[in-house]
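The values are calculated or read from the model by the stated rules, or taken from the named source; none is laboratory data. Computed from a prediction, not measured in an experiment: that's the story for all the values here. Backbone-built Cβ (ideal geometry, glycine too); neighbour counts: all protein chains shown.
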């Protein structure tokens, strides 16, 4: 038992030691993860106050946060670790970082279990685990979280699937459902779907006869447990309901994602990339370089969007294993790898274009490098399977020694010649090839004293020598990464949600030269600070926001609109119906210029009796200026506030129309003294409501899901299922390796 | 035996599967598209490097790595292009690959003998490596060719203007302005080099000539003053240090040497004033500038590369 723990503990400790600069905060995370960090901070701050935020009232005059809840998987129980660490006194930055490390190892544990089930050999699974841990995934995982959020549920899904197909049982089925929920809530589920389809196709091609057998087994299980399966599927659909609504919001233009589109497609595009070149440009081919596998590692670009590296020893094992006999596992892995490679390469093969044209969801996926962990996992499994076969009695030593020696010499000699001729091969790569030749040569040689220990030690040296060189250079390269905004926010803890009556206007800094990306990092800083702010024009063009707000702040009168939206509440004595299309901008600009006491209401909204009477009544005070509320007063005060709702107390001398300069989307509802009343799209993008004279309590509530408790219910369901998942892991441990399911 | 070897190597082996899959991939793979994607991706880094070379951005290691890769790729298609070699040498130098940088610049200078900026950068690397004589030799040659080069580019610019090729003419205008800066820096670095080689007469002559052309550059006055000081021409040396102080009133080293000149000339009041001034500057936290001064490679010839294939060689 102790040895079993030690064999995992040692590489994990080594990995943690190699990542010590990042984990101790000496070097910051790169800029990209700052988005996740900022969003999670907003989410957990709200959660601590007992609210699952569906709306962000602080930026862009408010926008639906449903889509961002699914960006990082709000129901993932792992965020409980962040919350606990933060409550225990760990700074939020580190709490987040350690949670991600923890999640990474959960993913690796899943990979090990999957490898053990798939390869039917715990030693081979351990080798695969090491290959993956010291591949580029081990480097990138702390810099590209979305990749991790997709990878971990997917790998556990496969793990449960293998277990379930062998021995259909309720716990494995629950594991499958839970991982499906997590995969469905993490960024875009289509990456998961693609991986699943590829694996399924590879399995069908290699062993078509096995599929009916498995299906029969599954059908028997479904028949026996109809109610259970039905309930779990219902739970699955229920938990994915917010994700579906988030996507639906992009179709109904509740939210637009302008950075995903070139001009002109913002409205029509939804979340899809209409322009193929935008998708194709992101192919991994641009980031891939063969040099990353063997070159001088101080010249590797260590980006957060993926580079391909797997220990050189794994590649040598695969090359040596080319002389192994084909088995089903190798065939499945090779086909899966190739199929996924075609997707990842983007437009350099016609496959991706075909998928883009004929499989709709491919137009939603641009980050093709998110498939990188799956590619590397397949490669690690292939290398481990080959290593197992080569080292087995039926492997290298089964045939004539001369043939084996010839193969070893041929593989290592060719690789060595290639490296020497390449001219830029790193020393560690050359040494690895030499050590590998020594290892396989010694393996073939007759018995000598301490052979087993010698081979074991040499195996680990071969495996780790090149990755250690890479990690050393990675540490050196990371010191150049300054990421000042992250450093600044490293020691800040989440603040409290508070309401202010006037927003700050953010000025474009002239002193800071930088790319658009740097400027967006400033935007994430605004996220972190959780204060009401009206961002710069560039940010209005780059970030998710409601469509009407996008139109308003991308019109010519950007500055006027920003100055207007600075004050959150404005009372008007008159209203006018307008068509909320292009003319609305011009009319609104004119109204602002002349400071008219008249709100503009969309004619596409409900034409209520109240509105009609207000339209008919002569505006008694229309000459006066509109009443702007710049702070709490007897006329208007805020009684309570959180991300999803605001409760106001108004005391007016006459009936007036209140415009709350917070974006309007259909999920909002208004109540006056507890009775629901009409909410209007007013002043192009904002919420408007008629307030009668006298004292009244007004509630504005955002409830896009139809019932406010749904997100909490999902959290509870997922947490309960996660506990069952832990039980499932223990169950998996008791399953002895059997012959392959397929 | 033969049949066993054949059995072991051919049928049902993984290499057949791998070869099949690789052939399929190769058949579907479009190299041109792959190259375009890769170049577009790497090109973004090159823009940052250019910003750095223009003094507008801080050093970004990732951008330099991308740019070096970009030029390496580009060299596969233009293997005789000195400008590309020069640009890659520029990136290599800042990535710490001095030998690779020297090698690239040497090739660049051989291929583009008329492009002085490459020589300038090569000389600066030699200078930093301590090969002062080699550096001074290159700078000397560069300076001698300077009038001819400027005349050539000037004529070319006029011709392009006459042909209404405004874009190319504008690029050349930028190049000419950059050359003016190069000439000033060459006077400074050459003066420094001769000074370090203890050739104070030539150092003084070079910097004096530079002083006439660029009277507002403190460094020329300072080196001229130092050369004259070493020649024990204290009166003239003091004049140049005063010039340097006039341009930069916080120039501690000029005060120091000016004070020494005054001391040698017996003007103790002046000497005392310089010492007091030095002391006050030190208290204010002013730091003396190093000698030789650090300077950067200046010649990432991006704009030249853009118009290169439109222009005849000088």
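Quick notes on this one:
- Positions within the range A:349-363 being crowded, with 19+ Cβ neighbours inside 10 Å and more than 11 Å from chain B (Cβ to nearest Cβ), in sequence order: A:356, A:362, A:363
- Scope the range B:253-301; condition within 30 Å of residue B:93 (Cβ to Cβ) and either part of a helix (DSSP H, G or I) or modelled with pLDDT of 85 or more (or both); matching residues: B:253
- The criterion of at least 1 residues that are over 36 Å from the mean Cα position of the chain (by Cα) and under 23 Å from residue A:675 (Cα atoms) is met by the following strands (runs of 3 or more DSSP E) wholly inside the range A:549-649: A:569-572, A:574-578, A:598-602, A:636-642.
- When each of A:136, A:117, A:163, A:122 is tested for being out of contact with any strand residue (DSSP E or B) (no Cβ under 9 Å at 6 or more places or on another chain) and under 21 Å from residue A:21 (Cα atoms), the lone residue that passes is A:136.
- Among residues of the range A:58-91, those that are assigned to a helix (DSSP H, G or I) and out of contact with any strand residue (DSSP E or B) (no Cβ under 9 Å at 6 or more places or on another chain), counted: 14
- Condition broken by residue B:189, with the remaining ones in (1) touching a helix residue (DSSP H, G or I) at 6+ places or on another chain (Cβ under 8 Å); (2) more than 22 Å from residue B:141 (Cα to Cα) satisfied: (2)
- Any hit, the range B:90-110, residues being more than 9 Å from chain A (Cβ to nearest Cβ), at pLDDT below 85 and buried (at least 23 other Cβ atoms within 10 Å of the Cβ): no
- Residue count for the range A:156-190, restricted to those that are within 23 Å of residue A:102 (Cβ to Cβ), within 15 Å of the chain's Cα centre (by Cα) and either part of a helix (DSSP H, G or I) or free of Cβ contacts under 8 Å to residues at least 40 places away in the same chain (or both): 7.
- Taking the range A:14-57 as the range and being surrounded by 21 or more Cβ atoms within 10 Å (Cβ to Cβ), assigned to a loop (DSSP other than H, G, I, E, B) and touching a strand residue (DSSP E or B) at 6+ places or on another chain (Cβ under 9 Å) as the test, the residues that pass are A:53, A:54, A:57.
- Filter result for the condition that a residue is closer than 21 Å to residue A:131 by Cα and within 14 Å of chain B (Cβ to nearest Cβ), over A:318, A:310, A:326: A:318
- Selection status of residue A:299, at pLDDT 75 or above, at the interface with chain B (Cβ under 10 Å from one of its Cβ atoms) and over 29 Å from residue A:353 (Cβ atoms): yes
- Residue B:46 passes every criterion in (1) more than 10 Å from chain A (Cβ to nearest Cβ); (2) at pLDDT 85 or above apart from (2).
- Residue within the range B:239-246 that is in a helix (DSSP H, G or I), over 22 Å from residue B:212 (Cβ atoms) and in contact with a helix residue (DSSP H, G or I) (Cβ under 8 Å, 6 or more places away or on another chain) present: no
- Among the candidates A:293, A:320, the residue that is in a helix (DSSP H, G or I) and modelled with pLDDT of 90 or more is uniquely A:320.
- Residue B:181 being in a helix (DSSP H, G or I) and at pLDDT below 90: yes
- Residue selected from the range B:255-270 under the condition surrounded by fewer than 18 Cβ atoms within 10 Å (Cβ to Cβ) and free of Cβ contacts under 8 Å to residues at least 24 places away in the same chain, by the criterion nearest to residue B:231 (Cα to Cα): B:263
- Filtered residues of the range A:334-348 (kept if surrounded by 24 or more Cβ atoms within 10 Å (Cβ to Cβ) and either assigned to a strand (DSSP E or B) or at the interface with chain B (Cβ under 10 Å from one of its Cβ atoms) (or both)): A:345, A:346, A:348
- Meeting the requirement of 3 or more residues that are in contact (Cβ under 8 Å) with a residue 12 or more places away in the chain, within 24 Å of residue B:39 (Cβ to Cβ) and more than 13 Å from the chain's Cα centre (by Cα), the helices (runs of 4 or more DSSP H) wholly within the range B:67-138 are B:82-94, B:98-111.
- Note on the range A:385-413: residues that are in a helix (DSSP H, G or I), within 14 Å of another protein chain (Cβ to nearest Cβ) and either in contact (Cβ under 8 Å) with a residue 60 or more places away in the chain or buried (at least 23 other Cβ atoms within 10 Å of the Cβ) (or both) total 9.
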